[in-house]
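The values are calculated or read from the model by the stated rules, or taken from the named source; none is laboratory data. From a predicted model like this one, the values you see are computed outputs, not experimental measurements. FYI the Cβ positions are ideal-geometry reconstructions off the backbone, even for glycines, and counts take in every protein chain you see.
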Amino acid sequence: MRTGISRYVHTKRARKESMLGLGFLLPSFLGVLLFVLIPFVDAVRRSFSETMTRKFVGLANYRLVLSNEAFKLAAKNTGRFLLVCIPLLLALSLLFSILLFSIKKLQNFIKTTFLIPMVIPAASIVLLWKVFFDKYGMLNQLLAYVGGGGTDWMNSSKAFYILVFTYIWKNIGYDMILWLAGLNGIPLSIYEAASVDGAGRWKKFIYITLPNLVSTVFIVTVLSLINSFKVFREAYLIAGDYPHESIYMLQHVFNNWFTSLDIQKMCAGAVLVAIVLLTVIIAIQKMTGRGDSE
């Protein structure tokens, strides 16, 4: 009798907790549904039709996008930016987080210092960059002082490296926090046992730290990939709609298509980018073994 009552109470409590959980998730789900999923489904529909007549045109919009020179240049620059920035950001943030992990007393201060760039408004960063990298800015004045020649940094191929520096400077603190969370999750007893066995710092890093950071690698890489598309704000505010060709990104293309109301091309391009990003994320998931571990 008591067993039956306890089972009934347990089932009722579990059902109540389940309903509370659903109620907690419902606003978020509705927000994602209304502002992400439904608009994306509509974009997929529009990518197969003309904007004005809504006539079904099949893959014509996709062929138009893939043959567009501006889109090909932007895709090339965006791919180059990601291939340079993300490995560099992951390596530097991991290195700094490991160094910071060993300095317990200064962790909070250093973490706060590295996170400051994330809270600085984009407009302030743009103003700082213009003061520093303008043709008549501080950097050229310093170069002229030591006998060097001036360079129009934002209107040359060097603009790409300034954008890379901006991205790393803004995001390195955020990635460091994520790495530190992963490092704090590794039991110290494993390192102590390795020290007893005579393992050095390098062997500890290779055989203990890296294997235990696999799940963190997936999270940090995906978030870094997502944050890389936010650097467009700085590029747009500094150089406008049509910057130097080395920093002409996919966001510039989409922004210009939106301005000229080329909705069908914009939707087709967005679907292509979404497919590529989904493929990349799945590949990262497979490489890190994220799916197998869960």
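Points to keep in mind about this one:
- Residues of segment 258-289 satisfying the condition of being touching a Ser or Thr at 6+ places or on another chain (Cβ under 6 Å) and of a type outside the set (A, V, I, L, M, F, W, C): Gln264
- When Ile226, Ile172, Ile177 are checked against the criterion of being surrounded by fewer than 14 Cβ atoms within 10 Å (Cβ to Cβ) and closer than 22 Å to Ile284 by Cβ, a single residue qualifies: Ile226.
- Flag if Val222 is closer than 30 Å to Lys135 by Cα and either part of a helix (DSSP H, G or I) or hydrophobic (A, V, I, L, M, F, W, C) (or both): no
- The residues in segment 268-289 that are over 18 Å from Ala60 (Cβ atoms) and part of a helix (DSSP H, G or I) can be counted, and the count is 15.
- Long-range neighbours under 9 Å by Cβ, at least six apart or interchain, first residue among the basic types (Lys, Arg) within segment 77-88, second modelled with pLDDT under 90 and in a helix (DSSP H, G or I): Arg80/Phe160; Arg80/Ser246
- Residue list for segment 136-167, filter: surrounded by 12 or more Cβ atoms within 10 Å (Cβ to Cβ), modelled with pLDDT under 80 and either in a loop (DSSP other than H, G, I, E, B) or touching a strand residue (DSSP E or B) at 6+ places or on another chain (Cβ under 9 Å) (or both): Gly137, Gly150, Thr151, Asp152, Ser156
- Filter result for Ile98 (in the same structural domain as Ile219 (by TED's automatic domain parsing), of a type in the set (A, V, I, L, M, F, W, C) and in a helix (DSSP H, G or I)): yes
- All positions within segment 258-294 that are among the charged types (D, E, K, R), modelled with pLDDT under 85 and either surrounded by fewer than 16 Cβ atoms within 10 Å (Cβ to Cβ) or in contact with a strand residue (DSSP E or B) (Cβ under 9 Å, 6 or more places away or on another chain) (or both): Asp292, Glu294
- For Asn77, the stated conditions do not hold, so it cannot be described as buried (at least 18 other Cβ atoms within 10 Å of the Cβ), in a helix (DSSP H, G or I) and touching a strand residue (DSSP E or B) at 6+ places or on another chain (Cβ under 9 Å).
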